[in-house]
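Worksheet: the structure to be examined is printed underneath.
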Amino acid sequence: MIKKLSILLLVMVWASAASAAPIKVDPELSAYSKQGGVSGNLSSVGSDTLNNLMTLWSEKFKQFYPNINIQVEGKGSSTAPPALISATAQLGPMSRQMKQKEMDLFESKFGYKPTPIRVAVDALAVFVNKDNPIKGLNLKQVDALFSKSRRRGNAEVETWGDLGVTGSWANRPISVYGRNSASGTYGFFKKLVMKKGDYKDQVKEQPGSASVVQSVSVDQFSAGYSGIGYKTSGVRALPLAESGSTFVEATAVNALSGEYPLARFLYIYVNKAPGKPLDPLTREFVKMILSKEGQEVVVKGGYFPIAKTVTAQDLQKIEATMTN
């Protein structure tokens, strides 16, 4: 979660902090400066949650370097570590941090750990159909909605009435949509919301975030989870609470402050050897993402930008030549 790291984000100047004004990037971020000697092919394999952002970043990067060839494949965060290990990709986007066993496999081949770069902030959202009257949920209820283990202790949830909805919705069974096990969002949701419990057998696993949101938009009595960047006019992101009924909207301000309970960083992992520079193509792509232009793309993609305090820390990781 972001809460422990929110102190890094307090320097952000948010015009939207007290209003519904558009999200703006940190004014302290520098514009990207095109460099010479950058050429070749760039490959990205990993998170579906980041798929749209990776595509948008690729388009922006090609404005600076028109002759660069970039391929983006987004089938789930678990596909990123093997791609980095086999060198079939220079970029490994992930919607969660690497697991210890994934880092161990990488380190066993290269002798050092992969380097994580924080590229955006996401509010992992529980979506319902736009016509659903429910006001919000706490994590006990969300757990019972998706998990058969119910480790947070809530009663079984089968109908909308079980979640407090009244009237014609009360007796309507809830259909639930989620991601498949290759997804970092699947793992993040399972760990943080369900306390590593098991998903209900009734959860309809989808191959991507867009599929989850599309399903919820056409299935009136359904719910599903996905990154906030995939929100459409056909769905509503429910306000959530850690406990109780003081629900918090999935906004940039709430995500960056840590008040929204399912806020998270999104990452790109790279292979950066200690004492050696990152290859110029990968380095410049990451630098562009962490620039003013790159974080404007984050806003365009529906996610939340990060502050210069964060980008400065992660730029040091790829610029350093003596340490990783």
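Laboratory data are not the source of any read-out in this text; all were calculated from the coordinates shown. These numbers were taken from a predicted model, which means no experiment stands behind them. Virtual Cβ from ideal backbone geometry, glycine too; neighbours counted across all protein chains shown.
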- Note on the structure: Placing each pseudo-label 7 Å from Cα in the direction of the beta carbon, residue 181 and residue 149 end up separated by a distance in nanometres of 1.3
- Query: What's the exposure ranking of 159, 185, going from fewest to most Cβ atoms within 10 Å?
  - Reply: 159, 185
- Item | Förster radius 45 Å - calculated FRET efficiency between residue 34 and residue 86 (Cβ-Cβ, nearest 0.05) | 0.90
- Task: Please find the FRET efficiency linking residue 24 to residue 247, where r is the Cβ-Cβ separation and R0 is fixed at 30 Å, and quote it to the nearest 0.05.
- Result: 0.75
- Task: Mind checking which lysines have their Cα closer than 21 Å to the Cα of residue 99? Skip sequence neighbours fewer than 8 apart in that chain.
- Result: 3, 4, 75, 109, 113, 190, 191, 195, 196, 272, 317
- For the chain, what is the relative contact order in percent, using Cα pairs closer than 8 Å and at least 6 residues apart in sequence? 29
- Message: Need one number: % antiparallel among DSSP beta bridges in the chain, to the nearest 5.
- Response: 60
- Message: With the cut-off at 1.5 for a/c, could you classify the chain from its C-alpha gyration tensor as rounded, prolate or oblate?
- Response: prolate
- Query: Around residue 180, with a cut-off of 11 angstrom between Cβ atoms, what is the net charge of the other residues, counting Lys and Arg +1 and Asp and Glu -1?
  - Reply: +1
- Message: If packing is taken as the average count of other Cβ atoms within 10 Å, what order do 297-306, 38-47 fall into, highest mean first?
- Response: 297-306, 38-47
- Task: Using a 10 Å cut-off on Cβ atoms, rank the peptides 256-264, 134-142, 51-59 from the highest mean neighbour count down.
- Result: 256-264, 51-59, 134-142
- Task: Taking the dipole about the Cα centre of segment 123-263, with the C-beta of Lys and Arg at +1 and of Asp and Glu at -1, give me whichever of 178, 234, 137 is farthest to the positive side.
- Result: 178
- Task: Just check segment 123-263 against the gyration tensor rule for me: Cα atoms, a ≥ b ≥ c as the square roots of the eigenvalues, rounded for a/c under 1.5, and otherwise prolate or oblate depending on whether a/b exceeds b/c.
- Result: rounded
